[in-house]
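First up is the structure itself, then whatever we jot down about it.
The values are calculated or read from the model by the stated rules, or taken from the named source; none is laboratory data. The model shown is predicted, which means the values in this text are computed figures rather than measured ones. Glycine gets a Cβ as well: all are built from the backbone with ideal geometry, and neighbour counts include every protein chain shown. Note: accessible area is taken over every heavy atom of the protein model, side chains too, but ligands, DNA and RNA are not part of it. Shrake-Rupley method; radii C 1.70, N 1.55, O 1.52, S 1.80 Å.
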Amino acid sequence: MEGLAMLRQLIGQLQELLQLYGSPPPPSPFHILHIHQLPHPPDDHHRRWCAPNIDDTSADDYYSLVMAAGKSGNCKMLEPFKPPPSKKSRRERNLGKLPGSTPTPEVLEQGIWKEFPEDLFEAVIARLPIATFFRFRSVCHKWNSLLDSQSFSQHCAEIPQANPWFYTITHENMNVGAMYDPSMRKWHHLSISFLPAKMIALPVASAGGLVCFLDIGHMNFYVCNPLTQSFKELPARSVKVWSRVAVGMTLNGNSTSGGYKILWVGCDGEYEVYDSVKNSWSRPGSMPSNTKLPLSLNFQSQAVSIGSTLHFMRSDPEGIVSYNMVTGVWKQFIIPAPLHMSDHTLAEYEGRIMLVGLLTKNAATCVCIWELQKMMLLWKEVDRMPNIWCLEFYGKHVRMTCLGNKGLLMLSLRSKQMNRLVTYNVISKEWLKVPGCVVSRQWIACGTAFHPCLTATA
């Protein structure tokens, strides 16, 4: 009887829905019967649903009715109720899966991808981060051959230059270079395999993705692309100089395809210029007679280039000497150095000449940045390292090596008690500590900043 009461309640609810909507109610998990449509008089334009009246029917009669309906097909048992699918979020629709479900691998149709336009493919590859070069070059011969493609070189030339990388050499291992990518904050370690065995060569200048090396005996010059290992040994110099020399490098145009030039200059005023187009050394122009010799060049400071002009730092008198690689004209500028400064280095950003150095007074030491006021020929302080960082140097004898140009600098700060690598962004005036690597446990002997370029050839 309990089952009959429940059935009557269910039928009552069903009849109420029929009277309210005049159409079948939506599925319910309690439905166990499906009532089929019955014929209606011709003048009834709407189909109606009907249900048997079992108010006065016994349970046995009802079960007989169900069995008869099952045999006749008028009624049938429903499948277990399935709730309607829930609405997926946009993220789930994009991923094509529900939370917790196993992702199904997408199948790439070869018929589509094999027709992918070649120029569009090269444009996409050219815009990938430079660091991916180490991976995609080994995928297949076709991708590796992109480096020799003229159209790929044009795509690379259209991409704005990213932050420069730093090529460094440590005192403990002079034959192994370490490259730091400041955008990814990652180190890359490469062996200098192109150099003769047991020869120590130091990076002294860079331009257009190429790095210029000079052997430690100041005899031979080498040029290479550290990313692709494109390598060239320059012809012997016509002037034999055994003393230390300062080196600068510029491009003839916007890329290495137009050639490049390298200048070396000694303290005695001797100098030569290498032209990659002619593959020879020459001595265009002459040193002005009013230039005081020896030049007392600051070899710790690399030359900086603004256009086709190279700038070198000198002392006694303190200032800058410059050389125009196109006109062959030398100039000198007497600029007093800031007081209490040491380990200073030239830098450049958008035509502005910067100076980086250690400012030491009493027991306090701090890294300062100055900018040259060209009209007054004076150095103006524009920034300095945060005080909380400088406290670490208090009372310590700190030495500094500075690498960089074009708005980004790397500073190697060292003493007996500590060793730190820091980058400084001239544009944002942001100081960042360089993540640890093998190099960070040693101090950088020398290095240079260079703009990574996959298509630059020596």
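Listing for the model above:
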{"read-out": "Number of positions in segment 312-339 that are within 26 Å of THR360 (Cβ to Cβ) and either β-branched (Val, Ile, Thr) or touching a residue at least 60 places away in the same chain (Cβ under 8 Å) (or both)", "value": "4"}
{"read-out": "Total residues in segment 159-177, condition at pLDDT below 85 and within 17 Å of the chain's Cα centre (by Cα)", "value": "5"}
{"read-out": "Given (1) surrounded by fewer than 22 Cβ atoms within 10 Å (Cβ to Cβ); (2) within 30 Å of SER145 (Cβ to Cβ); (3) aliphatic (A, V, I, L, M), index of the condition VAL434 fails", "value": "(2)"}
{"read-out": "Failed item in (1) closer than 28 Å to ASP268 by Cα; (2) touching a residue at least 40 places away in the same chain (Cβ under 8 Å), with TYR349 passing the rest", "value": "(1)"}
{"read-out": "Residue that is farthest from THR448 (Cα to Cα), among those in segment 389-413 that are open to solvent by less than 20 Å² (accessible area, probe 1.4 Å) and aliphatic (A, V, I, L, M)", "value": "VAL398"}
{"read-out": "Any hit, segment 421-428, residues being β-branched (Val, Ile, Thr) and open to solvent by 20 Å² or more (accessible area, probe 1.4 Å)", "value": "yes"}
{"read-out": "Subset of segment 370-388 (residues that are open to solvent by 60 Å² or more (accessible area, probe 1.4 Å) and either closer than 19 Å to MET341 by Cβ or touching a residue at least 24 places away in the same chain (Cβ under 8 Å) (or both))", "value": "MET376, LEU378, LYS380, GLU381, ARG384, ASN387"}
{"read-out": "Residues being touching a Phe, Trp or Tyr at 6+ places or on another chain (Cβ under 8 Å), of a type outside the set (A, V, I, L, M) and modelled with pLDDT under 85 - total across segment 239-287", "value": "3"}
{"read-out": "Residue list for segment 130-173, filter: over 23 Å from VAL422 (Cβ atoms) and either open to solvent by less than 20 Å² (accessible area, probe 1.4 Å) or assigned to a loop (DSSP other than H, G, I, E, B) (or both)", "value": "PHE133, PHE136, ARG137, SER138, VAL139, CYS140, LEU146, SER149, PHE152, ILE159, PRO160"}
{"read-out": "So SER315, is it at pLDDT below 95 and more than 28 Å from SER415 (Cβ to Cβ)", "value": "no"}
{"read-out": "Cross-chain or 6+ apart pairs with Cβ under 7 Å, segment 196-210 first and closer than 12 Å to ASN220 by Cβ and open to solvent by 40 Å² or more (accessible area, probe 1.4 Å), then part of a loop (DSSP other than H, G, I, E, B) and of a type outside the set (Val, Ile, Thr)", "value": "ILE200/MET174; ILE200/ASN175"}
{"read-out": "Which numbered condition VAL326 fails, given (1) part of a strand (DSSP E or B); (2) of a type outside the set (Asp, Glu); (3) under 24 Å from SER206 (Cβ atoms)", "value": "(1)"}
